[in-house]
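The structure appears below as structure tokens.
The values are calculated or read from the model by the stated rules, or taken from the named source; none is laboratory data. As the structure is a computational prediction, the values presented were derived from the model and not from experiment. Here the Cβ positions follow ideal geometry from the backbone for every residue, glycine too, while neighbour counts run over all protein chains shown. Just the protein is used for accessible areas: all its heavy atoms, side chains included, with ligands, DNA and RNA removed. Shrake-Rupley method; radii C 1.70, N 1.55, O 1.52, S 1.80 Å.
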Amino acid sequence: MIKIKYTYIISLATLLLAACTGSKPAPKASPYERPPIREVSEAQLASDGMLIDAIALQESGRIDQALEAYAALTAKDPACAAAWYEMGQLLLQRRWTDSALACAQRSVDLVPDNMWYLLALAQAQSQRSDKRALIGTWERLVALKPDVLEYHYELSNAHIANDDLPAAVEALNRVERRIGVTEPISLQKQRLWQAAGKDDKAAREIERLAESLPGDRRYNAMLAETYMRQRRYAKAKQCYDRILQSHPDDPYIHIQLAEYYKATSQPDKADSELLLAFRNRQLDTKSKLQILNGFYTLEEFYTSRSATTFQLVDMAMADCQDSTEVAAYYGNILMFRERYADAVRLFDMALKRDSSDYSVWERLLICLTEMPDDDGRIDSYARRAASLFPMQTLPHFLVASTALEQERYDDAVASLDNIMQWGFSKGYLEAETHSLMAEAAYRNKQYDKAWKSFDRYLAMRPDDMPMLNNYAYYLAERGLQLEKALQMSRRTIEAEPDNANSLDTYAWILHLLGRDAEALPYAERAVKGDPNSQTLQEHLRTIQNSLK
């Protein structure tokens, strides 16, 4: 193995030894001619030996020692271009850019036409962001190897880095003159002209591409998109018509025509093109929904163009192979259309696929609250959602509402306490929670908690007359703070002078304060407003008897 390795090193060194003299390589000898004997001086042999030793150190991974060996060699033989080149490469690996650049430049000065030395110089100049020098190096490489297209591309990139876009384009033109019109070159030139603000020249590049390959629809599509960006709509329409003529079954041409009609303020024609595209089974459901999301604004989707957008969604879903994948999306649209039962079915389908998305739970619960008969599903879904998302307000609120309706007041208060423990996000359901707590706590005989909840609610909704009336009546029932209760009740009858419940509450508080003569007309008006209420009639009789 050692023998093989050093044989390789000696072979590599042999390729580089000629560069140590700084002279150009000799012309290739004829295979029938005996090669001349070249005499080598003692000094040259010593340099060659030092180069071989340095390469051996480099190949064995002893980079510091290799750098020292190359430095010693260049000090002894400054004309050894190979040593400068190798030392520059090692320095470049260590990001010692200035030193690497100096070494690379020295090797090129010694052997100007060596491709590898020029490439190393370009690499060092690029790392040092020496833009003008880098352009010069790539120009030399292009002149040295005109058939290597990569060098032309790199020259163009160097001009781009130097903010000289016309020169960058010209570098690509030189490639094009050698190999003809090609997609990569034309597209790059188009991007450069667009960056330079030369839209006409950018369009011309795509035109030439389309002319060179007239049977390829992609180039007409690119050209149409270019014209659309430039608002040259008549030109764009010509391209679309050509595509439609050659590819009538392609759904995407109808999508592109829809974009054209929308841009030219022809929304009805745009809708018609989308309908044509959506009838094509080559478009899968996910693609159709993505097109819809990008084509219409929210206002258009749900309001001004909703007759079409909802039809398009229904068409997309009719061809759907996996409803669960887009169930939440379609459920949201059905929810907006007030098709709550259908929306609930889809949201439930989406949750069976992935139960970790709270927004789906929330929309499902909202739909259930809008349905006339939920068959107990609100409580079931709300409890599951509350267990998965204990910090969310709505599930606990709905659990508490159901518990209150079923007179399970302990459960209602516990759920509402849970909400208050986590707090409210931007006030969502905060007032409603205090309102529900006021009622649940009062019925659960937790009166202090009830009064606090009434106060908190009315601080946020001071003009809620039914709540003011309930608060006043509950205080009266407990015989507490009757003057405060009377003031609140007075506000309700001033706001709603014909409300029977409010009139009864005001009359009853006056009775409790011993002011039956004042109470009587209000009690009579209350019974007149709701003659079937037994409670109102009993209150009137009590007040009448107190006046006898």
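Some notes on this structure:
- GluC sites (Glu not before Pro) restricted to the stretch 377-483 and DSSP loop, no more than 16 other C-beta within 10 Å: Glu407
- Value of Rg/Rh across the stretch 310-376 [Cα atoms, Kirkwood radius]: 0.97
- Split the accessible area of the stretch 243-337 by element, probe 1.4 Å, and carbon with sulfur accounts for 50%.
- Between Ala318 and Ala79, the simple spin-label model (points 7 angstrom out along Cα→Cβ) gives 8.8 nm.
- Packing-based order for 77-89, 291-303, 508-520, using average beta carbon neighbours within 10 Å, highest first: 77-89, 508-520, 291-303
- Simple spin-label estimate for Lys484 and Gln65 in nanometres, 7 Å along Cα-Cβ: 9.3 nm
- Efficiency of FRET between Arg174 and Gln127 - r from beta-carbon atoms, R0 35 angstrom, step 0.05: 0.85
- Within the accessible area of the stretch 456-518, the carbon and sulfur atoms contribute 46%, probe 1.4 Å, all protein chains present.
- Candidate lysines - alpha carbon under 20 Å from Lys262, same-chain residues fewer than 8 apart omitted: Lys235, Lys237, Lys288
- Inter-part distance where the stretch 83-126 and the stretch 380-446 are each reduced to a Cα centre, Å: 75 Å
- Cα centroid of the stretch 272-344 to Cα centroid of the stretch 499-548, whole Å: 59 Å
- The stretch 92-158 - percent relative contact order, Cα under 8 Å, separation 6 or more: 25 percent
- Where (1) 33.4; (2) 25.1; (3) 30.3 are the candidate values, the label of the one calculated here for Kirkwood radius over Cα pairs in Å is (1).
- Full extension of the chain segment joining Lys426 with Glu211 gains 71.4 nm, where the gain is 0.36 nm per residue of separation less the Cα-Cα distance.
- Computed with a 1.4 Å probe over protein heavy atoms only, the accessible surface of the chain comes to 54 Å² per residue.
- Nearest 10 degrees, 0 to 90: helix 393-405 Cα axis against the chain principal axis: 20 degrees
- Relative contact order of the chain, defined on C-alpha pairs under 8 angstrom at six or more residues apart (%): 4 percent
- In the chain, helical runs assigned H by DSSP with n ≥ 4 each contribute -39500 (n - 2.57); averaged across all residues and rounded to the nearest 500, the mean residue ellipticity at 222 nm is -23500 deg cm²/dmol.
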